[in-house]
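Working notes, structure below.
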Amino acid sequence: MSAATPVTAIRASAYTVPTDAPEADGTYSWDSTTLVLVEADGGGTTGLGWTYAPAAAAALVEGLLAPAVRDIDVLDVPAAAAAMARAVRNPGRTGLGSYAVSAVDCALWDLKARLLEVPLHKLLGAVRDTVAVYGSGGFTTYTEDQLRDQLQGWAREQRIPRVKIKIGQDGGTNVPRDLERIRQARAAVGPGTELFVDANGGYTAKQAVRVMRDAAEERISWFEEPVSSDDLAGLRAVRAAVDADVAAGEYGTGLPYFQRMCSADAVDCLQADVSRCGGISEWLRIAALAAAHGLEVSGHCAPHLSAAVAAATPNFRHLEWFHDHVRIEDLFFDGTLDPGGGCVRPSDAPGNGLAFRAADAEPYRIR
Ligand SMILES: [Mg+2]
């Protein structure tokens, strides 16, 4: 195909930002987060995309993906997506390869919208003006005071009517503290806020069911990864036994992963991460797949990369307003969104409406 307006360059950089406190969930702990930024040039403008991944993703972008998409027409994002899928065949389309593809795909959609001078959610075709969000953090490393302050910041100050905490501490070996923290969380937000929990795969199936039974008074409505998201039979068993909606899918890369999860009846709501799953191009196909199984989609993390496509997804439920990523995106970009009242309104500026503040990011740059 001839390109009237070719992609002229793809640039990748990486930034590691320390957390504001030690953080852990049921199966992992961390003290920093790395953002891999992709800038896509064409037609005299630049599109922005990113993923949260090791800096090795930036090497994949520049070494494999940039040559694959260069000279493709900026308007033909599906052609670029197909070229990237071919380029990562041998190193692997799933896993980190998909994270790299996602960052470039999102940058190319943003570039196209900026070139056409339309908001990204309008380019994709919006079905709603605002996108529901939920406050997400509540790390197992927090003290009771830290947990209460964070949850009340969302529920009271920002009036976000749904919040999520991490449970499954130390691989599910400290259930008494999990139950105590669930009680603390309910007490902090009061009866009118939806309370979600995420075990990050820390429990066994029967253990997860017992935790929900013992926490019944706290009326948990969302139980994320009660068991490993690879244990589809376990997810299905928990789903059948608890009142809360069971959710998983945040590690999914590529359409077949989501097809297996949906066809196993493993979840009540499918999670997808636009910065991992293959970008906006693949997200749209995953959302259609979920719809065919009667499921809604919830957006995992990277909130400002997700808002536009969330607004354009008919069967969308809510977007994870994740503490670490909100903090980094507010630090690195002008034009970030206000979750006050429990939803965000995608920008009316061209593209995703964000401007990268390179000087503010520079102290964190590692590549
Ligand atoms: Mg999760």
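FYI, it's all coordinate maths here, none of it is from the lab. Worth saying up front: this structure is predicted, and the values here are computed from it rather than measured. Glycine also receives a Cβ, built like all others from the backbone with ideal geometry; neighbour counts cover every protein chain displayed.
Miscellaneous remarks
- Considering only Cα atoms, the convex hull volume of the chain works out to 123 Å³ per residue.
- Angle in degrees between helix 77-87 and the longest Cα principal axis of the chain, rounded to the nearest 10: 80 degrees
- For the range 65-144, chymotrypsin sites (Phe, Trp or Tyr not before Pro) meeting the loop criterion (DSSP other than H, G, I, E, B) and having at most 12 other Cβ atoms within 10 Å: none.
- Taken one residue at a time, the phi angles of the range 32-42 give Karplus couplings (6.51, -1.76, 1.60, θ = phi - 60°) of 7, 9, 10, 9, 9, 9, 10, 10, 10, 9, x Hz. Gly and Pro are set to x.
- Taking the helices alone, the chain has a mean residue ellipticity at 222 nm of -11000 deg cm²/dmol, built from -39,500 (n - 2.57) per DSSP H run of at least 4 residues and averaged over all its residues.
- As a calculated quantity, the FRET efficiency between Ser263 and Arg86 at R0 = 25 Å, using C-beta atoms, amounts to about 0.40.
- Stretch gain in nm, segment Thr8-Arg219, where the contour uses 0.36 nm per residue and the Cα spacing is subtracted: 70.7 nm
- For the chain, share of DSSP beta bridges that run antiparallel, in % to the nearest 5: 50 percent
- Seen against the Cα atoms of the chain and their longest principal axis, helix 205-214 is set at about 60 degrees.
- Projected over all directions and averaged, the alpha-carbon convex hull of the range 74-224 occupies 12.3 nm².
- Whole-number Å³ per residue for the convex hull built on Cα positions in the range 281-353: 95 Å³
- Note on the range 191-301: Cα-Cα pairs beyond 18 Å make up 45% of the total pair count.
- Length released on extending from Lys122 to Leu331, taking residue separation times 0.36 nm less the Cα-Cα span: 72.6 nm
- Principal axis box of the range 119-176, alpha-carbon based, largest edge first, Å: 48, 27, 15
- Computed extension gain for Arg156 through Thr16, at 0.36 nm per residue and net of the alpha carbon distance, reaches 47.3 nm.
- Over all Cα atoms in the range 216-367, the spread is summed up by Rg and Dmax: 16.7, 51 Å.
- Tensor-based shape of the range 272-312 (alpha-carbon gyration tensor, a/c under 1.5 rounded, otherwise prolate or oblate): prolate
- Residue exposure sequence - Arg159, Arg345 - by fewest surrounding Cβ within 10 Å: Arg159, Arg345
- Using alpha-carbon coordinates, inclination of helix 279-292 to the longest axis of the chain, degrees: 50 degrees
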